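Beneath this line is the structure, given in structure tokens, with notes to follow.
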Amino acid sequence: MGGRLAIARPGPWWTGLDRQHGAPPRATYAMERAWLGGRVPGVLSRFRCARHLTHADADRVRLHHTSMIIRVLHCLLVVTLGAVACVHTPSGAGRAAAPQRLLSDDERKATVAAAEQLFLLATEAVPVCVEFQDAVTRYAPDGAVLAALGPRARTRADCPHTYARMIYNPSAPTRPAGYIDPYRLVLWRPTPANGGTLVLAQLWQGTGYISYRCEVARIDGVRKVACRENGRGVS
């Protein structure tokens with residue numbers, strides 16, 4: 001015993017520590033170095049003349065091992081938060097003047113019907129800046145869509161300024177008294193669903209958004225829309 005530790009076999013560092021029973025040495029220094037040296041680089045360089053690790057040496061190995069785990073967990077947390085913050089922006093999505101494929105007449109009417117319903121949820125009397133999204137690009141609606149949505153509808157290029165920011169910037173413009181940030185409505189390309197049409201959307205104001213799932217069905221020649229909230233976020 002004499003304060004020495006025996007490492008029984010290669011494995012996690014704790015499997016060979018026998019503090020309670022003081023088991024006799026069962027592993028050579030070469031085996032210890034093969035296991036610990038490959039996993040805790042540089043830690044064993046000071047033990048070249050030792051056949052087995054002391055309790056103090058093992059404590060230093062354990063401290064280094066714990067520090068490495070904490071660093072890895074910290075990196076994973078940063079990556080995860082970064083992914084959450086960017087979840088609303090599809091990878092590779094950019095802006096273009098027109099979609100890859102034009103909407104059919106039925107798709108256009110279903111999208112306008114869903115947008116009209118979502119405009120009712122944008123309760124502040126401020127503009128709603130509309131943007132379409134397909135698998136690759138975001139693009140502005142044409143004049144006919146804007147006319148169908150009424151005077152509040154704007155393109156992203158004509159959208160009033162949004163003062164809300166996730167990060168405080170002391171040099172940013174000051175919000176005028178009584179000013180309310182505009183809404184921004186992003187509409188995804190419609191898809192067939194349940195005998196009707198499904199339109200996914202996000203309604204933004206400031207740094208927050210609400211995701212909606214709008215089902216558009218034709219009943220007796222009239223389009224009926226049911227929009228259901230399915231998520232919230234900030235960015």
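The values are calculated or read from the model by the stated rules, or taken from the named source; none is laboratory data. Not measured: the values here are computed from a predicted model. Heads up, the Cβs are rebuilt from the backbone with ideal geometry, glycines too, and the neighbour counts pull from every protein chain shown.
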Next item on the list: For the range 194-234, name all the residues that are among the polar types (S, T, N, Q), on the phi < 0 side of the Ramachandran plot and more than 24 Å from the chain's Cα centre (by Cα).
Entry: Thr197
Check: Has the range 155-172 got any residue that is of a type outside the set (Val, Ile, Thr), out of contact with any His (no Cβ under 7 Å at 6 or more places or on another chain), in the same structural domain as Leu103 (by TED's automatic domain parsing) and in a strand (DSSP E or B)?
Finding: no
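Taking the condition of being of a type outside the set (A, V, I, L, M, F, W, C) and crowded, with 18+ Cβ neighbours inside 10 Å, how many residues in the range 182-195 meet it?
If we filter the range 182-195 for residues that are of a type outside the set (A, V, I, L, M, F, W, C), which is where we start, we get 182-184, 189-192, 194-195.
Among the residues that remain, those that are also crowded, with 18+ Cβ neighbours inside 10 Å are: 182-184, 190.
Final tally of qualifying residues: 4.
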Next item on the list: Would you be able to say whether some residue in the range 200-219 is modelled with pLDDT under 95 and of a type in the set (D, E, K, R)?
Entry: yes
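Would you mind stating whether Thr123 is modelled with pLDDT under 75 and either exposed (fewer than 13 other Cβ atoms within 10 Å of the Cβ) or over 16 Å from Trp204 (Cβ atoms) (or both)? Full working, then the answer.
Working: modelled with pLDDT under 75: no; either exposed (fewer than 13 other Cβ atoms within 10 Å of the Cβ) or over 16 Å from Trp204 (Cβ atoms) (or both): yes.
In short, no.
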Notebook entry, point to check: Can we say Leu185 is under 19 Å from Ser235 (Cβ atoms), touching a strand residue (DSSP E or B) at 6+ places or on another chain (Cβ under 8 Å) and of a type in the set (A, V, I, L, M)?
Noted result: yes
Check: Only one of (1) small (Gly, Ala, Ser); (2) in contact with a strand residue (DSSP E or B) (Cβ under 9 Å, 6 or more places away or on another chain); (3) not in a loop (DSSP other than H, G, I, E, B) is not met by Ala144, so which one is it?
Finding: (2)
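Assess whether Leu118 counts as being in a strand (DSSP E or B), in the same structural domain as Val222 (by TED's automatic domain parsing) and closer than 21 Å to Arg218 by Cβ. Spell out the reasoning first.
Values: in a strand (DSSP E or B): no; in the same structural domain as Val222 (by TED's automatic domain parsing): yes; closer than 21 Å to Arg218 by Cβ: yes.
So Leu118 fails the test.
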Next item on the list: Take Glu131 and decide whether it is surrounded by fewer than 18 Cβ atoms within 10 Å (Cβ to Cβ) and within 14 Å of Leu187 (Cβ to Cβ).
Entry: no
